[in-house]
Amino acid sequence: MDDEPDWVRELQKQITDREDPWVILEGRQAVEAAVAGWWDLAGILAGENCDWEPPVWSGLELHRRPIAELDRLVGPENHEGVLGLTKLPDETADVAGLMKEMDEDALVVVCPRLHSEEQVGSILKNAAALGAQAVIFGREGVSPFERGAVRASAGAVFRLPVRVADGGQILRCLKTAGFTMIGGAAGEGSVSLESLEIEPGRLAIVLGAEVEGLGRFWNLACDSLAHVPVETGSAVLDPAATSAVFMWELARRRKEQAESDG
């Protein structure tokens with residue numbers, strides 16, 4: 001349509017082939033999380049009979065469309081009557097600046113090259129639930145801002161500091177900021193998570209790819225390697241499950257240390 005707003009045209013384009021700095025918001029949870037996180041929204045589409053409204057304080061208005069049009073754009077199972085388009089914050093690539101803001105006992109999750117959008121989103125959701133202060137992704141892997149990752153994160157991608165950079169930059173920033181890096185990996189040199197010794201200070205959990213694992217570069221870069229023991233014959237845990245176990249166990253250990261020191 002000739003009077004189509006520019007952002008609606010951009011939304012349609014990005015649904016087909018997303019590119020930075022654009023992020024698609026599918027469903028009320030994603031839109032509400034982006035609004036609450038003060039992300040810069042270009043606009044919101046809503047079905048004609050949708051009863052959802054944005055918060056009054058946001059100043060956002062809905063652009064009403066037939067629900068069939070939203071179904072056509074992203075599928076009826078994804079939109080819940082609401083679609084939005086937003087832009088990445090300017091600081092998305094600023095790993096060094098984020099490191100300077102970290103607490104002395106900060107816990108971050110690092111994913112250098114994951115390939116599954118669902119795994120990426122699940123890790124973000126775990127990180128938000130289990131107390132990580134940030135999640136950092138490598139450019140070598142899938143973007144945490146792809147539609148599948150955003151959906152799987154259940155809004156966590158808008159609540160946590162998320163950064164994306166190349167692996168070398170990530171490593172330099174972590175080292176400069178004094179993080180102890182714990183790699184999630186089985187095999188030679190790896191100890192069971194329950195026997196891993198941790199020191200006070202900043203910790204980074206580094207998760208390998210779904211099939212390839214950490215790879216030589218990150219195996220050598222990490223200060224220690226640990227794995228989650230599984231029953232004999234069981235499959236190795238996927239990165240998302242590994243992230244949840246590592247974060248829970250490290251938080252439990254730190255709580256115990258704090259109680260014994262107090």
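Data table
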quantity	calculated
Calculated FRET efficiency for the pair D3/E188, C-beta based, R₀ 51 Å, to 0.05	0.20
Length added when fully stretched, E140-D103, from 0.36 nm per residue minus Cα-Cα	10.6 nm
Carbon and sulfur %, accessible surface of the chain computed with the full protein complex present, 1.4 Å	48
Estimated inter-spin distance, S195 and Q257, nm [label 7 Å along Cα→Cβ]	2.0
E48 - accessible surface, heavy atoms, 1.4 Å probe, Å² rounded to 10	120
Descending semi-axes in Å of the range 56-125, equivalent ellipsoid built from Cα gyration tensor	34, 19, 11
Scattering curve values for the range 81-201, log₁₀ I(q)/I(0), Debye with Cα scatterers, q = 0.09, 0.17, 0.18 Å⁻¹	-0.26, -0.91, -1.01
Heavy atoms of T242: accessible area, 1.4 Å probe, square angstrom to 10	20
Qualifying aspartates and glutamates (Cα of each under 18 Å from Cα of K255; at least 8 residues distant if same chain)	D103, E104, D105, E194, E197, E199
Formal net charge of residues neighbouring V74 (Cβ-Cβ distance under 11 Å; K, R +1; D, E -1)	-2
For the chain, share of DSSP beta bridges that run antiparallel, in % to the nearest 5	30
Between the range 108-176 and the range 25-39, the Cα center-to-center distance that results, in Å	18
Simple spin-label estimate for D71 and D20 in nanometres, 7 Å along Cα-Cβ	3.7
In sequence order, calculated HN-Hα J values of the range 9-17 (Karplus, 6.51, -1.76, 1.60; Hz; x Gly/Pro)	4, 5, 4, 4, 5, 5, 5, 6, 8
Sites R172 and S58, calculated FRET efficiency, Cβ-Cβ separation with R0 51 Å, nearest 0.05	0.85
Per-residue SASA entry for R172, accessible area with 1.4 Å probe, Å² rounded to 10	150
Normalised alpha carbon radius of gyration of the chain [divisor 2.2 N^0.38 Å]	1.10
Cα-based shape type of the range 140-260, given that a ≥ b ≥ c are square roots of the gyration tensor eigenvalues and the cut on a/c is 1.5	rounded
Distance between modelled label sites at W248 and D51, nm, 7 Å Cα→Cβ extension	3.7
Radius ratio Rg over Rh of the range 1-141, counting only Cα atoms, Kirkwood formula for Rh	1.00
Å² of accessible area per residue within the chain, as computed with a 1.4 Å probe and no ligands counted	49
Square roots of 5 times each gyration tensor eigenvalue, C-alpha, the range 175-240, largest first, Å	21, 14, 10
Gyration tensor verdict on the range 1-80 (Cα atoms; rounded if a/c is under 1.5, prolate if a/b is larger than b/c, oblate otherwise)	rounded
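The values are calculated or read from the model by the stated rules, or taken from the named source; none is laboratory data. On a predicted model such as this, the values are computed, not experimentally measured, just so you know. Methodologically, a virtual Cβ is constructed for each residue, glycine included, from the backbone with ideal geometry; neighbour enumeration extends over all protein chains shown. Surface areas here come from the heavy atoms of the whole protein model, side chains and all, with no ligands, DNA or RNA. Shrake-Rupley method; radii C 1.70, N 1.55, O 1.52, S 1.80 Å.
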